[in-house]
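Let me begin by presenting the structure, written as structure tokens, before commenting on it.
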Amino acid sequence: YQTIKRLLISPLRNIPGPKLYALTKWRLALDEWQGKRTRTIHQLHQLYGPVIRIGPNEVHFNSLTAMRLIYGPGAAFELTEFYRLFEAYGKQNLFSFASSRQHADRRRLLAHAYSKTSVLKNPFGEVVEGKVRQYLRYVDGQDSKGIELFTSLHYFALDTVSHVLYGARFGSTSAMAGDDSDRALLGDIFDPSRRKLIWFRLHLELLTEWMYTQTGILEKLIRPFLPMKKPVTYSGVRQHALQSWKDFSLAASTMEDTTEDGAIISVMFRYHISQKDGYLQDLEIASECADHLLGGVDTTANTLMFLLWALSLPVNRKYQMKLIEEVTKLPGEVFHDGVPPVALADKMVYVNAVIKEALRIYTPNPATQPRSSPLNSTIDDYVIPARTVVGMSAYSLHRNEQVFEEPLKFDPDRWLSPKPTVVEMNKWFWAFSSGARTCTGKNLVMTEMTTLVAAIYREYSTSIVPGFEDSTPVVTSRFELFHDETMSCMEKVGMMPKP
Ligand code: HEM
């Protein structure tokens, strides 16, 4: 009966797509287990077009009309249960609020702190410049054989975002300076088995809950079968967020000025003590901070790693030369210890083109952003019943051949095309999502990346460690594995001082 219902009676029956995917959610779950959900969906779009049915109750889109209707202003679509994965200590945060009202209130509270104006001014401007300066010193301190980018860029991203979140005194990390306990926080992010745990939580929620709550002999018996060893993913980051909040709030209660380095936590503290309606509780603040940290570390580090790697490939040498030309032409007096002021972030046209191209092709959040609506709707001529899961992915949008010529080619010059072409490409560029749920940290991260890339290429040129020219790095994003799909896998990008 279920087969007949899903294939012949369901209102989604006319939507193109393979029958097996329409029949059972486990077909797509298998792709997810194998770490290739997003790539599979992209192949299905190539085969079946911009609207595909990828599950008994799930439809995937790849069009601007769908983007506007699902994610645009006033859209009735809400986050699905999937986002509950981002809750910490059972408390919701910007990532996980399903309710648009709660989300809008929290967003309003933090909007100014993350605005472009705030990010380009001190104290944030100084923080970013300081961390870039420290990264250059870190690189200088490595031996002449080159440095390992993946880890060092995670140190950079962690130290920067933690300082922005917590200020200098109560939770900012010193991973670049070699602090082992701060570096250990990255263990949460690096652990590849977190991918499996997410899969288990999504598809076998009750079983997973049961497996992780057993004690005594049962716990011992189950231990070898756990998708991720205890303590499970992000425990360290969440513990750190809670401790930082406790330290901050204790000290802040005796401080005259709580604008501690302009930190995000101080914005929440001031709201907390003002005790307005729905005032933020301790765990809500820690939950918010932990998630910004998790949202801001591997996204930033992975983008920068792919960017440096792509520029280092012999085939992309010409782009690296153009970038070096732009940054070496900048007047020397604006640089302090090799670092440009953040105020230049927007003005370096080629640096921005390179970053945008890295975010296009190696976008660190490439997967579907699932939504559902309590109302029926019509999208791209198909009736979508209430509570159907719908979604789009940056991965597919960024590979539309009609918009991005040779989409798999890393080509920063495409962003210098005539204006109408760039306008069209910008409409499809979705690395930071769009609408009410667009990335909160995008101004911060764009400033970090432009400043770091300009500083690096002012001082260095980069090349791949010999022997690794034909292989690509591989990263984990949520429950998937991503790499440059034109190459075989793995890795090492060396960074050598300019001769
Ligand atoms: C290259 C770096 C980054 C990229 C590509 C990126 C991308 C994204 C995307 C695509 C979303 C929407 C996800 C979804 O709805 O499923 C998002 C949301 C978010 N990001 Fe980022 N992000 C980056 C860096 C950061 C940083 C540095 C921070 C924090 C300081 C941050 C904080 C957030 C927050 C809080 C949200 C939730 C926003 C909301 O729903 O209101 N992100 N980001």
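Every residue, every condition in (1) in contact (Cβ under 8 Å) with a residue 60 or more places away in the chain; (2) under 12 Å from Tyr457 (Cβ atoms); (3) touching an Asp or Glu at 6+ places or on another chain (Cβ under 7 Å), yes or no:
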{"residue": "Asn302", "(1), (2), (3)": "yes, no, no"}
{"residue": "Ser312", "(1), (2), (3)": "yes, yes, no"}
{"residue": "Val315", "(1), (2), (3)": "no, no, no"}
{"residue": "Thr328", "(1), (2), (3)": "yes, yes, no"}
{"residue": "Asp337", "(1), (2), (3)": "yes, no, no"}
{"residue": "Pro340", "(1), (2), (3)": "yes, yes, no"}
Within the stretch 200-219, residues being under 18 Å from Thr24 (Cα atoms) and touching a Pro at 6+ places or on another chain (Cβ under 8 Å) number 1
Checked Val423, Val403 against criteria (over 16 Å from the mean Cα position of the chain (by Cα) and either in a loop (DSSP other than H, G, I, E, B) or over 18 Å from Arg68 (Cβ atoms) (or both)); the one match is Val403
In the set Glu81, Glu32, Glu87, the lone residue that is closer than 20 Å to Pro385 by Cβ and acidic (Asp, Glu) is Glu81
Selection from the stretch 132-156 of residues in contact (Cβ under 8 Å) with a residue 40 or more places away in the chain, part of a helix (DSSP H, G or I) and more than 12 Å from the ligand (Cβ to nearest atom) yields Val132, Arg133, Gln134, Tyr135, Leu136, Val139, Leu149, Phe150, His154
Has the stretch 458-470 got any residue that is within 16 Å of the ligand (Cβ to nearest atom) and surrounded by 17 or more Cβ atoms within 10 Å (Cβ to Cβ)?
no
Residues of the stretch 20-49 being over 30 Å from Pro227 (Cα atoms) and more than 24 Å from the chain's Cα centre (by Cα), in sequence order, are Gln46, Leu47, Tyr48, Gly49
In the stretch 355-395, anything within 16 Å of the ligand (Cβ to nearest atom), touching a helix residue (DSSP H, G or I) at 6+ places or on another chain (Cβ under 8 Å) and among the small types (Gly, Ala, Ser) is listed as Ala358, Ala367, Gly391, Ser393
Reported set for the stretch 31-63 where residues are farther than 19 Å from Arg13 by Cβ and surrounded by fewer than 16 Cβ atoms within 10 Å (Cβ to Cβ) is Gln34, Gln43, Gln46
Expected output for the stretch 436-455 (first residue within 29 Å of Ser100 (Cα to Cα), partner among the polar types (S, T, N, Q) and near the ligand (Cβ under 7 Å from one of its atoms), Cβ below 7 Å, 6+ apart or cross-chain) is Cys439/Ser433; Val445/Thr300
Counting only residues that are polar (S, T, N, Q), out of contact with any Ser or Thr (no Cβ under 6 Å at 6 or more places or on another chain) and buried (at least 18 other Cβ atoms within 10 Å of the Cβ), the stretch 75-115 contains a total of 2
Condition set within 19 Å of Met305 (Cα to Cα) and of a type in the set (Val, Ile, Thr), scope the stretch 157-185, selection farthest from the ligand (Cβ to nearest atom): answer is Thr160
Next item on the list: State yes or no: is Asp159 assigned to a helix (DSSP H, G or I), within 19 Å of Leu444 (Cβ to Cβ) and either in contact with a Pro (Cβ under 7 Å, 6 or more places away or on another chain) or of a type outside the set (A, V, I, L, M, F, W, C) (or both)?
Entry: yes
* Asked: Has the stretch 299-321 got at least one residue that is at pLDDT 85 or above, crowded, with 21+ Cβ neighbours inside 10 Å, closer than 17 Å to Ala168 by Cα and in contact with a His (Cβ under 8 Å, 6 or more places away or on another chain)?
  -> no
Among the residues of the stretch 279-314, the number that are under 30 Å from Gln102 (Cβ atoms), among the aliphatic types (A, V, I, L, M) and not in a helix (DSSP H, G or I) is 1
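The values are calculated or read from the model by the stated rules, or taken from the named source; none is laboratory data. Predicted, not measured: the structure shown is a model, and the values here were computed from it. All Cβ positions, even for glycine, are placed from backbone atoms using ideal geometry, and neighbour counts span all protein chains on display.
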